[in-house]
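Q: What follows is a single structure, and I will ask about it in a moment.
Please treat every number below as a calculation from the coordinates, not as lab data. Model, not experiment: these values are computed from the prediction. Cβ atoms come from the backbone with ideal geometry, glycine included; neighbour counts cover every protein chain shown.
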Amino acid sequence: MNPTLSELEAQASQGEAAFGGDAHIVCDNLVRIYKTEGVEVVALQGLDLLVQKGELLAIVGASGSGKSTLLNVLSGLDIPTAGLAKVAGMDLLAMTAKDRLRYRREVVGFVWQQTARNLLPYLSARENVELPMKLAGKARRGRASELLELLGVGYCADRKAPEMSGGEQQRVAIAVALANSPQLILADEPTGELDSETSEEVFDALRKANRELGVTVVVVTHDPLVSEQVDRTVGIRDGRTSSETLRREDAEGQIIAEEYAVLDRVGRLQLPRDFMNALEMERRVRLELESDHIGVWPAREEPSGEQ
Amino acid sequence: MKLLLLARVHLGAVAVLMLLTLSACLLVSGLPRVMQAAFDQALRQSLSSAPAVRVDLTAVLASSGAAQDLRERAQFEAQDEQLRELVPAPLKNLVPPPGTGTGHASAKTYKTPVHESGGWTFINLGWLSDSDRRVDWVEGRAPGEPTQMRWRGMTIPLFEVGIVGEARDLMHLQLGDTKIIGESNYAAVKIVGIFRAKDAADSYWTHNSDILHVRQVVPPGKLDSEWYTTALIPDAGLSALSGDDRNLSYQWVLPIHHRSAAALDVPELASGVNEFERRMKLQPGIFAGSTLMTGLPTVLGHFLTALATAQTVMFLVLGGLLLVALGVIVLAVQLLIDRMDHGLSLTRARGGSLRQVAGTGAGLVALAVAPAAVTGYALSYLFPGPVLPIVHLGPAAVIGTALAFAAARIAVTHRAPLHERRDDVVAARPSVRRITLELLVVGLALAGAYLLRTRGLTTQVAQEGQDPFLLLVPLALTLAAALITIRCYPYPLRLFVRLAARMRPAVPFLGLTRAARARSFSVLPVLILLPALGVSVFASVISDGVAGTQRLAAWQSVGAPFKISSERELTAEVVERVRQVPGVRRVVPAQTATVQVGHTPERAQIIAVDLARWRKLLAGTPISLPALPATASGIPALVSHELRGRGTFEIGWQSRLRITTQGVIPAVPGFFTQGKFIVVPFDVNQRPAVNTLLIDGNATPAALAQAAPHAKVESRAGALAAIQDDPLTSTVRDTLLVVTVALASYALIAVVITLVIGAADRARALSFLRTLGLSDRQAQRLTVLEILPMILVTALVGLALGLGLPAALGPGVDLSSYAGGLSVGDYELDLITPAALAAGLAAVAVLGAYAHTAISRRRSLGAVLRVGDLA
């Protein structure tokens, strides 16, 4: 029996909602093209990403792979060109300026790589934390001190940025990002300028926010120290998610990391470059379906076969 | 955000903004007040220097018979009161109460002949309401009541009168004389007293010069003179004075007091006079048949003509000043916004709404601008002068512009929360719309300038006010020049860049490339520098033009460094004494007179002088004289335009002389500028009667006056001072100077602020280049090369604009009233001052660039790179 039009419509919308389900962050075929004076740069070329609520996720990738663009899109500072981007049920493409402001105030907080960019140098740590609350018109007494204490920088409350170390500044910056109790924190290389010991402290602070406040944390990083400590690491290459690494504890308490390639919704797969180079795969590969896997083979030398 | 904290953090930029606002508001509010005060003073001076008879309101009523006779003082006073009630409001302030100033009433007979004098002697009778305050009796007594006497079988009235001393001497009248006057209805006058004026110099006597002075008139076609005097009669004499018997007229003088006159009220005053006359005619009573005699509208008209020009120049330069001041303030606001950019971006990213961010920025700007503007506004009250609307509007415009620019600029920048600038990409192609708009502005400006030159201006400035066209055209021209500069200056620059690319040193190439790729806000300095230079060059050209013409006018009015002229002959001893005065180098004697042309009543002015010697005396001065070629027959002469084409004709001087026209002379400096005049050689007369000496040297006028008593000594320096001391002239000059200095300072500040705004960007670029091996010296050269093209091009265009404006405005700016009546037509392009202005600006800009690199060198390379990375 043929379905009615309304049934088809319901099916279609069900199908749409099905991707990602109730994930906290949903990016589906996300495209961002920069057009500056006639020059086009495609920073995101159909990126898919799902992040669950309360997850601590790292995004890794080479310079120029689109990590920061993704983060800017997720933080509501940048608007994607096409695709779907939803955070906490809010569609980032369809938001009005007012929604976007509310989104930045209530849903998301972020931390930049450059320590000096996160804080206003002429305000004390406490005042810096209070600033987003005041901007949102929801100043709560004691909240700033609580946050600073939680992140282990309570003693810096009355210091200004130049009087703090890089690590302290970044932890204050995390407190600033947490000020309005957001559901999501985005951190762009928060440990990029720090030594390994300080990095550890800053990452601990992020983890604390994740564990104790239940905030979803997305960290863009180059730092293996960071990427090795999260449950999931997403690799981005050429504006697409290319791989995922999942970590879990085995029975003996050993951390086991397993790297997966990402299969997108239409069945595309990015093979790691090392694999391709090792087998000199180029242009074409041969796939063979087995009972429990798909084999990928280099194309055979069959000159006649081409004709 | 705490504004005070922000202000403390950005103290430097805030202080610059405050200072600029303060100075701008002070200038914009103060200068118009000072100017208006000077205009008022000029009006008062022109009212007070004009004779009272010219400016006062005089109602003249010719008595037509006994019915209209006024026989008592009280009647005059009642009429005076009635007349004063008719004065309309704007004039009322200028008319002082009865009994003060030159106000009075009088009754006078006119053309009252003395019986049996053959019609050559006239004794008029005059009554002055305030004669007791005005005259002293020096002989005899004050006249008393009229009586009657019998004469030739008739009973006629006998007036007791007083006469002035001059009448006794010149008309051979004696104390005690009794004269019969009148043609049919006779009366007798008995001279009982001789009087003199208490203060003969008082302007009051211009109303009654017939009483104070004997008038000698040579009727046309006669050789002898008629003599007139007016004898003073007392109040009681009025009772015997009737319009039936004599030509009798009554005058009521309402004085005009200059002290409360204001230049702004002048148009109302002029219409007030008309209104007064209308009311007089409409009012039932004796004034309906009277006439209003006053030269007040003419005096006011002359003043308005001079004032209109002053206002035009002032509007132009003040408008330019306001524009430039606003531009520099906008630039300073830009500097402050640049400094706040990090904080504002962060605030916006952390959830600040556009209103919060723009509000914070505008709030800080307001914190800097408002108190400074109010202070400047308050300080302007220290200047004398009336409060004009511009005094309030100027500071309001400054505050409004600064706030509007700050809010708009921040709103545009932070509309999207993340603003990433791509500095590495060449500027966008201008849109068609923008090019069309620019072409429109340029076209309009050129068309406006063309129309202004061809159609001229509204000449009825006094009636119709300023021609707005005159004010718009320079503005449009400046804007057009700025647009053309901004649009076109990259082209020659690219040529240089191409040349520089082929040269071995890298610095010129890098510097010029950076200049060619400057960010769009370099438009702002061009928009400031151009009008600043344009207006200041314009001001200095006008100023030079006026000063030069004033010098010329002073030479024209005296004709030599010193001129001694006398009504009597200057004897040989006097001439010799003058020659001996220390400092006197050359003395050229001359004779002047009025001569008869041919055998007709036509008269002409003549001067007999040795032209060759006079020419030598004038060598190296702004004026020159033509040579007088010799002639075969007759006396060679130069004649005025009105006498040209007569060839050889006769004149009657000491003897009949036959002169031959050898050329036309438009004016004889120091003597004649219009009418009929003749220049002949010195020795035309058998016995030269020298009455004028032209002197060269550096003697003092006092010494010359001592050497030639009874003669009038004029000096060129004195004439120049007289022209320059006129309040309008000195105001125009001083304002031009102040504005020039202010504009030059603003231009410099604009350059410095531009350097500071680009400092971070430049420091980063230089640091990267230094890691590649750029030396400090090269870095300095690079900075200078980067800023120099903009300064040089703008300076040249500004110079051209300033020099071109007077030509473009042409007839619109007539400064003749400030130059002793000579028209300041062809502005002599004295390039020194304007070129010095432009060169000085360029030099200081270069110094600024050097200083800037010298300061930035102190920062360590690593720190700069790191900071640059963060910006």
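Q: Please list, ordered by chain and number, the residues whose modelled amide H lies under 5 Å from the amide H of B:ILE678; skip anything fewer than 5 residues away on the same chain.
A: For B:ILE678, whose amide H was placed from the backbone, the distant partners under 5 Å are B:GLN605, B:ILE606, B:ILE607.
Q: Tell me the net charge near B:THR621. Cut-off is 12 Å between Cβ atoms, B:THR621 excluded, with +1 for each Lys or Arg and -1 for each Asp or Glu.
A: +3
Q: Further question on the same structure: So if I average 1/r over every pair of distinct C-alpha atoms in the stretch A:37-183 and take the inverse, what Kirkwood radius in Å does that give? Before the final figure, lay out each step's value.
A: Details: mean 1/r = 0.0597 Å⁻¹.
By the Kirkwood definition, the hydrodynamic radius is 16.8 Å.
Q: Taking a cut-off of 30 Å between Cα atoms, list the lysines near B:LYS616, but don't count ones fewer than 8 places away on the same chain.
A: B:LYS563, B:LYS676, B:LYS712
Q: Taking each residue in B:339-352, count the Cβ atoms of any other chain within 10 Å of its Cβ, then average. What number comes out? Let's see the in-between values first.
A: On the way: counts 0, 0, 0, 4, 5, 0, 2, 9, 5, 4, 10, 16, 19, 8.
Per-residue shielding by partner chains comes out at 6.
Q: Could you tell me the convex hull volume per residue, in Å³, taken over the Cα atoms of the stretch B:533-621?
A: Details: hull volume 15.3 nm³, N = 89.
With only Cα atoms used, the stretch B:533-621 gives 172 Å³ per residue.
Q: Also: Taking 22 Å as the cut-off for C-alpha to C-alpha distance, list the pairs among A:LYS53/A:LYS86; A:LYS86/A:LYS134; A:LYS98/A:LYS160; A:LYS67/A:LYS98; A:LYS134/B:LYS2; B:LYS92/B:LYS198 that go past it.
A: Working: A:LYS53/A:LYS86 13 Å; A:LYS86/A:LYS134 27 Å; A:LYS98/A:LYS160 32 Å; A:LYS67/A:LYS98 26 Å; A:LYS134/B:LYS2 11 Å; B:LYS92/B:LYS198 29 Å.
Distance filter (> 22 Å) returns A:LYS86/A:LYS134; A:LYS98/A:LYS160; A:LYS67/A:LYS98; B:LYS92/B:LYS198.
Q: A further question follows. Which of B:CYS25, A:CYS156 comes first, and how do the rest follow, when ranked by fewest Cβ neighbours within 10 Å?
A: A:CYS156, B:CYS25
Q: Have a look at the stretch A:127-212 and give its Rg and Dmax from the Cα atoms, expressed in angstrom.
A: 12.2, 38
Q: Please list, by residue number, everything in the stretch B:186-205 whose backbone N is under 20 Å from a paramagnetic label point 7 Å out along Cα→Cβ of B:ARG259.
A: B:199, B:201-205
Q: For chain B, find the longest principal axis of its Cα atoms and tell me its angle to the long axis of helix B:11-49, 0 to 90°, nearest 10.
A: Tilt relative to chain B: about 10 degrees.
Q: Another one. Provide a whole-number value for the mean count of partner chain Cβ atoms within 10 Å of the Cβ atoms in peptide A:128-137. List each step's numbers first, then the result.
A: Numbers: counts 2, 0, 0, 7, 6, 2, 5, 9, 5, 3.
Taking the mean over all residues of the peptide, I get 4.
Q: If you don't mind, another one. By the scheme Lys and Arg +1, Asp and Glu -1, what is the net charge of all other residues having a beta-carbon under 13 Å from that of B:ALA411?
A: +4
Q: Please give, to one decimal in nm, the separation of the simple spin-label points placed at B:THR771 and B:ALA572, each 7 Å out from Cα toward the Cβ.
A: Label at B:THR771, label at B:ALA572, 10.0 nm between them.
Q: Tally the DSSP beta bridges in chain B and give the antiparallel ones as a percent, rounded to 5.
A: Expressed as a percentage, antiparallel bridges in chain B total about 75.
Q: So for the stretch B:140-244, what are the equivalent ellipsoid semi-axes in whole Å, largest first, each being the square root of 5 times an eigenvalue of the Cα gyration tensor?
A: 23, 19, 13
Q: As I understand it, the value is the acute angle between the Cα axis of helix B:523-558 and the longest principal axis of the Cα atoms of chain B; what does it come to in degrees, rounded to 10?
A: 20
Q: Right, next: Which cross-chain or sequence-distant (5 or more) residues have an amide H under 5 Å from the amide H of A:SER75, H modelled 1.01 Å from N in plane?
A: Here nothing satisfies the definition.
Q: Over all alpha-carbon pairs of the stretch B:257-406, lay out the pair-distance distribution in 5 Å bins, whole %, shortest bin first.
A: 2, 7, 11, 12, 11, 10, 8, 7, 7, 6, 5, 4, 3, 3, 2, 1, 1, 0
Q: Taking neighbour counts of Cβ atoms within 10 Å as a proxy for exposure, in what order, fewest first, do B:HIS257, B:HIS392 appear? Don't skip to the answer; put the middle values down first.
A: On the way: B:HIS257 19, B:HIS392 12.
If I rank by nearby Cβ atoms, fewest first, I get B:HIS392, B:HIS257.
Q: Also, quick follow-up: At 7 Å along Cα-to-Cβ for each site, give me the label-to-label distance between B:LEU737 and B:THR298 in nm.
A: Result for the modelled spin labels: 3.6 nm.
Q: Name the residues whose placed amide hydrogens come within less than 5 Å of the amide hydrogen of B:ALA105, ignoring near sequence neighbours (fewer than 5 apart) on the same chain.
A: B:SER129, B:ASP130, B:VAL253
Q: Still on this structure: What FRET efficiency comes out for B:ALA66 versus B:ALA89 if R0 is 35 angstrom and r is the Cβ-Cβ distance? Round to the nearest 0.05. Provide the component values of the computation, followed by the final result.
A: Details: r = 37 Å, r/R0 = 1.06.
For R0 = 35 Å, the calculated efficiency reads 0.40.
Q: What do you get for Rg/Rh of the protein assembly as shown when both radii come from the Cα atoms and Rh is the Kirkwood radius?
A: 1.20
Q: Once phi is turned into θ = phi - 60°, what whole-Hz ³J(HN,Hα) does the Karplus curve with 6.51, -1.76 and 1.60 give for every residue of the stretch A:188-201, x standing for Gly and Pro?
A: Taking θ as phi minus 60°, the curve returns 9, 6, x, 10, x, 9, 10, 6, 5, 5, 5, 4, 4, 4 Hz for the stretch A:188-201.
Q: Could you compute how fast chain A diffuses translationally, taking Rh as the Kirkwood radius over C-alpha pairs and applying Stokes-Einstein at 20 °C with viscosity 1.002 mPa s? Give it in µm² per second.
A: Calculated translational D: 100 µm²/s.
Q: I need B:PHE538, B:PHE682, B:PHE39 ordered by Cβ neighbour count within 10 Å, fewest first.
A: B:PHE682, B:PHE39, B:PHE538
Q: For chain B, what is the mean residue ellipticity at 222 nm derived from helices alone (per DSSP H run of n ≥ 4: -39500 (n - 2.57); sum divided by total residues; nearest 500 deg cm²/dmol)?
A: Helix contribution divided over all residues of chain B: -17500 deg cm²/dmol.
Q: In a Debye calculation with equal point scatterers on the alpha-carbon sites of the stretch B:27-139 and no solvent, what is log10 I(q)/I(0) at q = 0.09, 0.10, 0.22, 0.23 Å⁻¹?
A: For the stretch B:27-139 at q = 0.09, 0.10, 0.22, 0.23 Å⁻¹, log10 I(q)/I(0) is -0.42, -0.51, -1.35, -1.39.
Q: Right, another one. Calculate the length of the line joining the C-alpha centroid of the stretch B:733-761 to that of the stretch B:324-400, in whole Å.
A: Their Cα centres are 18 Å away from one another.
Q: Could you calculate the FRET efficiency of A:LYS160 with B:ALA501 from 1/(1 + (r/R0)^6), where r is the beta carbon distance between them and R0 is 41 Å, rounded to 0.05? Could you put the intermediate results ahead of the total?
A: Details: r = 47 Å, r/R0 = 1.16.
According to the calculation, E is roughly 0.30.
Q: Compute the helix-to-body angle for B:296-349: its Cα long axis versus the longest principal axis of chain B, expressed 0 to 90° and rounded to tens.
A: It works out to around 10 degrees.
Q: Could you go through the stretch B:478-484 in sequence order and give the Karplus-derived ³J(HN,Hα) for each residue, using 6.51 cos²θ - 1.76 cosθ + 1.60 with θ = phi - 60°, rounded to whole Hz, and x for Gly and Pro?
A: 4, 4, 4, 4, 5, 4, 4
Q: Provide the percentage of antiparallel DSSP beta bridges, counting only those with both residues in the protein assembly as shown; round to the nearest 5.
A: DSSP beta bridges in the protein assembly as shown are roughly 75 percent antiparallel.
Q: Using r as the Cβ-Cβ distance of B:GLU81 and B:ALA378, and R0 as 51 Å, what FRET efficiency do you calculate, to the nearest 0.05?
A: Using R0 = 51 Å, I get an efficiency of 0.65.
Q: Could you let me know the centre-to-centre spacing of the stretch A:164-216 and the stretch B:484-516, using Cα atoms, in angstrom?
A: About 48 Å separates the Cα centre of the stretch A:164-216 from the one of the stretch B:484-516.
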